[in-house]
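Below you'll find the structure, written out as structure tokens, and then a few comments.
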Amino acid sequence: AMCSRAFDLVEDVVYTGYDVFETMPQSFQDDAMNGKGMPTQAEAKARLMPLTNWRNGFSFNFIVGDTRDTLHGRHVKADFAFIDGDHRVEAIRGDYEALKDSPVIVFDDYYCQDANGITVDLTKFGANVVVDEIRAAGGNVEILPVADPCKHGGVIKLAVVRR
């Protein structure tokens, strides 16, 4: 959906996805608090292939592996970055540091309390610590109102950082 929307703004869209896909054991997914199951590279490709048939200006590629190995310590500037995956604070911080020069960065997994006042341990999981640091440094941060329930407790919102 985000790639389709990008065509309203530009003629060519290149999607680069960083993901462990099925290369990591379930224990990694559990430690990273990934609650939606283990995606496969074939499933991701199947979702993106229709866009290559729909628009000539669309292409995609995958960087397979843990972003601590494939992204952290690098500087990648994208027109739009979406950070989701490993929900541990340090992984999110490393992803952000690599992408921080991008003009628009959206963080998934900004946790808020649910109706019962429950959420995850924000010192260990979620984008909250990183997003709050960006805000405290004067960053332009917007927390979108749509909230999805999280099986680990609380609800998840998107946090948008604009440069």
### Task
Within the stretch 84-96, identify whether any single residue is at pLDDT 95 or above and more than 19 Å from Ile156 (Cα to Cα), and answer yes or no.
yes
### Qualifying residues in the stretch 102-125 (those that are charged (D, E, K, R) and in contact (Cβ under 8 Å) with a residue 40 or more places away in the chain) - the one nearest to Ile83 (Cα to Cα)
Asp108
### Query
Among the candidates Thr40, Thr23, Thr52, which residue alone is open to solvent by 30 Å² or more (accessible area, probe 1.4 Å), more than 18 Å from Ala91 (Cα to Cα) and touching a residue at least 12 places away in the same chain (Cβ under 8 Å)?
Thr40
### Task
Could you please let me know if Gly35 is assigned to a loop (DSSP other than H, G, I, E, B), touching a helix residue (DSSP H, G or I) at 6+ places or on another chain (Cβ under 8 Å) and touching a residue at least 12 places away in the same chain (Cβ under 8 Å)?
no
### Query
Given the conditions (1) open to solvent by less than 70 Å² (accessible area, probe 1.4 Å); (2) touching a Pro at 6+ places or on another chain (Cβ under 9 Å); (3) not basic (Lys, Arg), and given that Gln29 satisfies all but one, which numbered condition is not satisfied?
(2)
### Every residue from the stretch 1-20 that is open to solvent by 50 Å² or more (accessible area, probe 1.4 Å) and among the small types (Gly, Ala, Ser)
Ala1
### Message
Given the condition under 16 Å from Gly85 (Cα atoms), assigned to a helix (DSSP H, G or I) and modelled with pLDDT of 90 or more, answer yes or no: does some residue in the stretch 6-21 qualify?
### Response
yes
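The values are calculated or read from the model by the stated rules, or taken from the named source; none is laboratory data. What you are looking at is a predicted structure, and each value in this text was computed from that prediction instead of being measured. Here the Cβ is made from the backbone with ideal geometry for all residues, glycine too, and neighbour counts use every protein chain on show. SASA here: full protein model, heavy atoms, side chains in, ligands and nucleic acids out. Shrake-Rupley method; radii C 1.70, N 1.55, O 1.52, S 1.80 Å.
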